Amino acid sequence: MAVLIKGKDLSAKIVEKIRQEVLNQERKPTLVVIIVGNNPASRIYVSKKKHTAELAGFNSRVIELEESINQEDLEKQIEILNLDTNVNGILVQLPLPKHINAYAIIEKILPQKDVDGLHPVNIGRLAIGLKPYAISCTPYGIIKLLEENNIEIEGKHAVIIGRSNIVGKPLSYLLLNRNATVTVCHSKTKNLPEIASQADILVAAVGIPKFVKADWIKEEAVVIDVGINRMEDGKLLGDVDFEEVEKKAGYITPVPGGVGPMTIAMLLSNTLELFKLQNL
Ligand code: NDP
């Protein structure tokens, strides 16, 4: 039976450590989250982020904007936050409405305030092995989970299923920078089960419940499940068939309580780092 990688516990430890660090400081880091429209999942994520930021002793503000906002007005809002020296981190909750060019919005955020680590400067720095101002929260959280559990990365074959800009691609750079051999798979990949079964570290970031099956898994592999799929009964399922895969894997993250809480912990960690950088 696989060892459970408990992101929830590590996340709580990281948040507590951050809270202790901030406790006696006169000025607190400030995180501003922008949410556009009424996407129910986004609303839950944003309220969790705000709640955890407050738990850590940060100032946190949510700016709620109408679904109908246009590109120009949203960009103006970001420019205001860029100029506000009291704001240390800016996060625009994705997805944005279809009429908004999300890349252009992310590019408007000052790289030094881009807590999500998604600005091309931050992604580019990561890709060439330079330290970004902030590292994308979910991939960063995955690396922390591996490190905390003493899971070796160097020389291992890591297979990532999913090539999104927020998970798969930045994670591939982080693993590559740590000397893993990385294979990134996507919807056009042929022989996916065969490739997955070669993985020492298998990461599923697909968005399809129970997509990864037990017979795709190499004995004792480390399986990281990024997926968050809400079922009709309200239950959350990952992208991995947990019950079957845990019998074969060496390590596995649960959903919920695995990668999800780490994403929020790393968001706070990034906010604190940016706060320090801006107050040197
Ligand atoms: P995207 O939809 O942006 O990307 C999904 C990726 O999966 C794409 O690269 C797509 O390929 C690939 N894919 C889709 N179908 C298949 C298939 N049949 N075979 C192989 N690959 C396939 O998703 P995200 O990266 O944003 O999110 C992935 C999952 O992770 C979701 O469940 C999301 O909710 C969750 N998530 C969880 C977070 C957390 O904090 N735990 C944070 C972010 C996301 P192609 O590129 O060819 O379309």
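FYI, it's all coordinate maths here, none of it is from the lab. Source: prediction; values computed, not measured. No Cβ is skipped: glycine too gets one built from the backbone with ideal geometry, and neighbour counts run over all protein chains shown.
Modelled this way, with points 7 Å down the Cα-to-C-beta line, the labels at Lys213 and Asn229 are 1.4 nm from one another. Contact order, relative form, for the chain: 22 percent (alpha carbon pairs under 8 Å, 6 or more residues apart, mean separation divided by residue count). Karplus-derived 3J(HN,Hα) values for the stretch 21-30, using 6.51 cos²θ - 1.76 cosθ + 1.60 with θ = phi - 60°, are 5, 7, 2, 9, 8, 5, 8, 10, x, 10 Hz; glycine and proline are entered as x.
Once backbone amide H atoms are built at 1.01 Å from N, Ile5 has Ile252, Thr253 as its partners under 5 Å, excluding neighbours fewer than 5 places away on the same chain. Stokes-Einstein diffusion of the stretch 1-46 at 10 °C, 1.306 mPa s viscosity, Kirkwood radius from Cα pairs, rounded to a whole number: 114 µm²/s. Here, the chain has an Rg and a Dmax of 18.6, 56 Å when only alpha carbons are counted.
3J(HN,Hα) along the stretch 233-241: 7, x, 5, 9, 10, x, 8, 10, 6 Hz, from the Karplus curve 6.51 cos²θ - 1.76 cosθ + 1.60 with θ = phi - 60°, whole Hz, x for Gly and Pro. Computed from Cα atoms, the angle from the helix 168-177 axis to the main principal axis of the chain rounds to 80 degrees.
Considering every alpha-carbon pair of the stretch 135-253, the percent of pairs per 5 Å bin, from zero through the bin containing the longest distance, is 2, 13, 23, 27, 21, 10, 3, 1, 0. For the chain, modelled as a GNM whose springs connect Cα atoms under 10 angstrom apart, the maximal fluctuation among Ala196, Ala41, Ala204 occurs at Ala41. Centre-to-centre separation between the Cα atoms of the stretch 199-216 and those of the stretch 33-47: 27 Å. For Lys276, the lysines whose Cα falls under 21 Å of its own Cα, not counting residues fewer than eight places away in the same chain, are Lys13, Lys17, Lys28, Lys49, Lys50, Lys113, Lys131, Lys144. Working note: Cα atoms of the stretch 75-120, range along each principal axis, descending, whole Å: 31, 20, 15. For the pair Leu65 and Gln278, the difference between a 0.36 nm per residue extended length and the Cα-Cα distance amounts to 74.0 nm. Going from the fewest other Cβ atoms within 10 Å to the most, the residues Thr138, Thr181, Thr30, Thr85 appear in the order Thr85, Thr181, Thr30, Thr138. Under 16 Å from the Cα of Lys213, which aspartates and glutamates turn up, not counting those fewer than eight places away in the same chain? Output for Lys213: Glu194, Asp200, Asp225, Asp239, Asp241, Glu243, Glu244, Glu246. Counting neighbouring beta carbons within 10 Å and listing from fewest to most, the residues Glu79, Glu219, Glu232 come out as Glu232, Glu219, Glu79. Full extension of the segment from His99 to Lys188, taken as 0.36 nm per residue of separation minus the current Cα-Cα distance, would add 29.3 nm. Modelled spin-label separation between Glu244 and Asn24, with each label point placed 7 Å from Cα along the Cα-to-Cβ direction: 5.5 nm. Taking other Cβ atoms within 10 Å as a rough exposure proxy, Ile128, Ile63 sort from fewest to most as Ile128, Ile63. Of all aspartates and glutamates in the structure, the ones whose alpha carbon falls short of 18 Å from that of Lys98, not counting any fewer than 8 places away in one chain, are Glu64, Glu66, Glu67, Glu72, Asp73, Glu75, Glu107.
For Leu65, the amide hydrogen comes within under 5 Å of the amide hydrogens of Ile35, Val36, Gly37, counting only partners 5 or more places away or on other chains and with H modelled in the peptide plane.
For the chain, the Cβ-based charge dipole about the Cα centre amounts to some 260 debye (Lys, Arg positive; Asp, Glu negative; other atoms uncharged). The angle separating the long axis of helix 137-148 from the principal Cα axis of greatest extent in the chain is about 50 degrees.
With bins 5 Å wide beginning at 0, the percent of Cα pairs of the stretch 34-165 falling in each bin runs 2, 9, 16, 20, 21, 15, 9, 5, 3, 0.
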